[in-house]
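Engineer: Take a look at this one; I'll ask things after.
The values are calculated or read from the model by the stated rules, or taken from the named source; none is laboratory data. If you're wondering where the values come from, they're calculated on a predicted model, not measured in any experiment. Please note: Cβ atoms are built from the backbone with ideal geometry, for glycine as well, and neighbour counts cover all protein chains shown.
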Amino acid sequence: MADVIEIKKLIDGYYSWLHECSSIKEAKNDWFEVDTPMLDRHNDFLSIYIRKNGEEIELSDGGYIISDLDISGFDVSTSRRKDLIQQIARGFGVRVENGEIKTSATISDFNIKKHMLLQAMLSVNDLFYLISPAAISVFIDEVFKWFSLNNIRMVDNCQFTGKSGFVHHLDCVIPKSEKQPERIIDMINTPNKQNIQNTIFKWLDTKDNRHKDTTLCAILNDTNIKKTSVVEPLTSYGIKAVAWSKIGEFQSYFAA
């Protein structure tokens with residue numbers, strides 16, 4: 001079992017990776033383009049744009065995410081999909097204006113706001129997979145619908161602050177009961193390397209701030225899994241991995 005020092009090294013390594021794999025260059029009109037090590041669905045590095053405006057720091061994706069969805073065949077003009085994008089943005093504390101995913105920060109909260117902007121960009125980027133005929137409706141909505149039909153009590157749209165100071169968005173929490181500890185639920189619509197790493201980091205960063213017996217469960221949309229090996233990193237960090245196609249086998253775990 002990993003000790004505190006080993007976990008700290010893992011988290012410190014994550015910070016080093018973020019720093020070493022980021023680069024900055026000047027753009028237009030006092031904006032700076034920052035390349036990050038986060039990957040989009042094309043396996044291209046995500047870039048964000050930053051500008052100092054008095055005491056305020058403006059951050060934006062430059063319109064890349066929504067524009068990329070649009071040219072890839074995901075119609076962003078329907079009211080349902082506009083609502084979906086706005087819902088995701090609100091969950092991460094950012095906003096959508098004129099096709100850009102944006103936020104504002106001060107020096108004191110810049111790191112948190114930058115982190116939340118990147119997470120929002122990745123989540124909106126993930127909507128591309130709704131184009132697939134297999135994705136009849138939004139994955140998270142389907143899971144919540146299943147929870148409701150099975151009388152599973154939960155609190156949705158939760159945010160937890162980690163040891164790093166980053167605020168992490170998690171889909172829901174099932175409160176502690178006599179039979180089960182508190183269960184935090186993270187739903188992964190596209191279980192690729194990037195999204196799996198994001199879930200692991202959320203858990204490593206927040207677990208010590210929760211109850212000692214709290215568990216994290218990742219529900220994976222296995223219609224989008226190309227390799228079953230993607231779940232192995234989750235289980236190695238003590239995260240319970242549940243495939244959506246087998247959710248019924250875990251009804252007693254969630255309902256207890």
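Engineer: Only one residue in 116, 121 is touching an Asp or Glu at 6+ places or on another chain (Cβ under 6 Å), within 22 Å of residue 76 (Cβ to Cβ), at pLDDT 90 or above and buried (at least 17 other Cβ atoms within 10 Å of the Cβ). Which one?
Structural biologist: Working: 116 fails: touching an Asp or Glu at 6+ places or on another chain (Cβ under 6 Å).
On inspection, the qualifying residue turns out to be 121.
Engineer: How many residues, within region 8-60, are within 21 Å of residue 96 (Cβ to Cβ), polar (S, T, N, Q) and without any contact (Cβ under 8 Å) to a residue 60 or more places away in the chain?
Structural biologist: Going through region 8-60 one residue at a time, the tally reaches 4.
Engineer: Go through region 1-47 and give me each residue that's among the polar types (S, T, N, Q), within 24 Å of the chain's Cα centre (by Cα) and more than 19 Å from residue 115 (Cβ to Cβ).
Structural biologist: 43
Engineer: Output the residue which, of all residues in region 164-210 that are basic (Lys, Arg) and under 14 Å from the mean Cα position of the chain (by Cα), is surrounded by the fewest Cβ atoms within 10 Å (Cβ to Cβ).
Structural biologist: Selected residue: 193.
Engineer: If we keep just the residues of region 8-54 that are assigned to a loop (DSSP other than H, G, I, E, B) and among the small types (Gly, Ala, Ser), which is surrounded by the fewest Cβ atoms within 10 Å (Cβ to Cβ)?
Structural biologist: It comes out as 54.
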